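Below is one structure; the comments refer to it alone.
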Amino acid sequence: MATEKPRSARKPGYKRQDAPKRKLTDRQKAAKERWAKMTPEERQTHDKTKAPNPRMQKQHPGQVRITSLVVDELGKALRTILKLDGPADVLMSIYFKNARHLGPRERTLIAEGIYYTMRHLSMITWRMNPVRPDKAPRLTGLLALALQHGLDAIHDQILGKEKETLKNMLAPKSSDAPKEIQAEVPKWLYDLAVVQCTDHKALFEAMQEGAPLDLRVNSLKSTPDEVILELEEHGVKAEKGIYSPDCVRLFTKPALTQWPIYKEGKVDVQDEGSQLIARLMQPKRGEMICDFCAGAGGKTLALGALMKSSGRIYAFDVNEKRLNGLAPRMRRAGLSNIYPVVIRDEHDKHIKRLYGKMDRVLVDAPCSGTGTYRRNPDLKWRFGEEELNRINDIQKSVLRSAAKMLKPGGRLVYSTCSILKRENQDVIEEFLKENEDFELLDAFDILQKQGVEINPYQKERFGEYFVMLPHLNKTDGFFGAVLQKKRAEKPSKRLTQNTPENAEAEKPAEKKAEEAAK
Ligand SMILES: C[S@@+](CC[C@H](N)C(=O)[O-])C[C@H]1O[C@@H](n2cnc3c(N)ncnc32)[C@H](O)[C@@H]1O
């Protein structure tokens, strides 16, 4: 009798000769036939035990794979965000806080899908017409994913009947859409921008792109070189900004608030253009400064660092919640010269008490935010022409009130993150007409003296105004005007002497008229 070798001694591929042949079921037979017909590549990705898996769909190398979880969750997030009744970044973080089941890959794809939808909502709406995106958030999400990654990135099983609908929506050429839809801005904004600049097409294209992450290095605690080195040690590529001496630019978005350089107050997040607004103020040590619309204090902190934490900065704002954000930032930055004050409006009694006492006042006015569309694309669809009119009145009123706080010779900087002349140059021109005791200074000159070089073409184009635009400067859109309150003219020596001619010259006009009549 042949003795069987122990299992361990069997050669690989050993088969018991005497084992009874198993009979295959019909399903197994069919699977065997399918297997025989498959190409080697198909065999490699085929999972014999499961129904066709979307993960295994044949894709181009490097192509993103969209799972049903991503599609469902993006639709869920868009259901809230497309109502456009709150800032998308706030709604998005609430959504992610409640979506703990998502992994980092899904989170990234969903966040990118939301931003893509907000950046291209005009074109998406045009393609979906007559279906409205807010009424069909899942379909909107699918279309956004298809536009971003290609229809092939989504498996047929996920698409189901929607595949044909999506194909139809993807068919029209974007160049056939109306110009304002290609520009991805509302019609009212398109019409205003077309009139004010000839390079509006390039501007609108740049406004559709994502923005880098700009950091302002706190000069009290570190230098850009040190920060770049520290970031690179952690594998984050960073480079110096183009204009601002304090700027470090990142092209990825690490969770910065968890990092020591952030916690220790060496850096804060601030667009490079915004950093230059503080430089337009050119504050000196020991001065009295007012940041009239301080918000959460982005520019206040930059001013505090330029003043080496000396003097006094009043940080005003009507929004208490926003202003509350300033105290922890101030502490982190090591600044002790900032005094936050909540005001009722621009006529508040706190302001009146400070009339004529300030060396410099910054009015970083509330505005349309059209310069920040790269970072806040949802703002395009949430801010309308009526709101622009309302805010335009506030800008003028705040500027008038803030101007009263200046000492003679003091500096007033008016800034916005708007690209619109109406909120910028027009406001200043009207102010200068009403206030002859103010004059406009050359913003480029002021920056140049601090080592900030801006292309001379921009000076030619914008004159004494400071204008940064995404397509020209790779920053957000910013505007700044530097005004100086003229010093009262000293009475001439001739008039200070007590001569009969001077007594005559100083007589009131009515008295002179009375005497002449006699
Ligand atoms: C452009 S944001 C300021 C941003 C801030 N300076 C920064 O750098 O982060 C404009 C601010 O003006 C405030 N604001 C609106 N109306 C105001 C008013 N009448 N007086 C003072 N501040 C006002 C808003 O609450 C908002 O925080």
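The values are calculated or read from the model by the stated rules, or taken from the named source; none is laboratory data. Fair warning: this is a prediction, and the values are worked out from it, not measured in the lab. With ideal geometry, Cβ positions are generated from the backbone for all residues, glycine too; neighbour counts draw on all protein chains shown.
Within the range 380-400, the residues that satisfy the criterion of being within 12 Å of the ligand (Cβ to nearest atom), crowded, with 16+ Cβ neighbours inside 10 Å and either without any contact (Cβ under 8 Å) to a residue 12 or more places away in the chain or of a type in the set (A, V, I, L, M, F, W, C) (or both) are I391, I394, V398, L399.
When the residues of the range 259-312 are filtered to those that are assigned to a helix (DSSP H, G or I), over 23 Å from N376 (Cα atoms) and more than 16 Å from the ligand (Cβ to nearest atom), the one that is modelled with the lowest pLDDT is P260.
Has the range 254-272 got any residue that is touching a Ser or Thr at 6+ places or on another chain (Cβ under 7 Å) and of a type in the set (S, T, N, Q)? Within the range 254-272, not a single residue is touching a Ser or Thr at 6+ places or on another chain (Cβ under 7 Å) and of a type in the set (S, T, N, Q). Only residues that are of a type in the set (A, V, I, L, M, F, W, C) and within 21 Å of F466 (Cβ to Cβ) were counted in the range 230-268, giving 2.
Reported count of residues in the range 108-150, each being closer than 16 Å to L69 by Cα, of a type in the set (V, I, T) and buried (at least 17 other Cβ atoms within 10 Å of the Cβ), is 3. Among the residues of the range 236-250, the ones that are part of a loop (DSSP other than H, G, I, E, B) and not acidic (D, E) come to 7 in all.
Pick out, from the range 358-453, the strands (runs of 3 or more DSSP E) lying fully within it that include 1 or more residues that are within 26 Å of the chain's Cα centre (by Cα).
On the way: elements: 358-364, 406-416, 438-441.
Answer list for the range 358-453: 358-364, 406-416.
All of R332, R360 fail the test of being crowded, with 20+ Cβ neighbours inside 10 Å, in contact with a strand residue (DSSP E or B) (Cβ under 9 Å, 6 or more places away or on another chain) and of a type in the set (K, R), apart from R360. For the range 315-371, a residue qualifies if it is away from the ligand (no atom under 12 Å from the Cβ) and hydrophobic (A, V, I, L, M, F, W, C), and the qualifying residues are A327, M330, A333, L335, I338, L354, M358.
The single condition among (1) of a type in the set (D, E, K, R); (2) over 28 Å from K83 (Cβ atoms); (3) within 13 Å of the ligand (Cβ to nearest atom) that E423 does not satisfy is (2).
Is it fair to say Y355 is assigned by TED's automatic domain parsing to the domain that holds D476, surrounded by fewer than 20 Cβ atoms within 10 Å (Cβ to Cβ), in contact (Cβ under 8 Å) with a residue 24 or more places away in the chain and within 26 Å of D437 (Cα to Cα)? Yes; evaluated as a whole, the condition is true for this residue.
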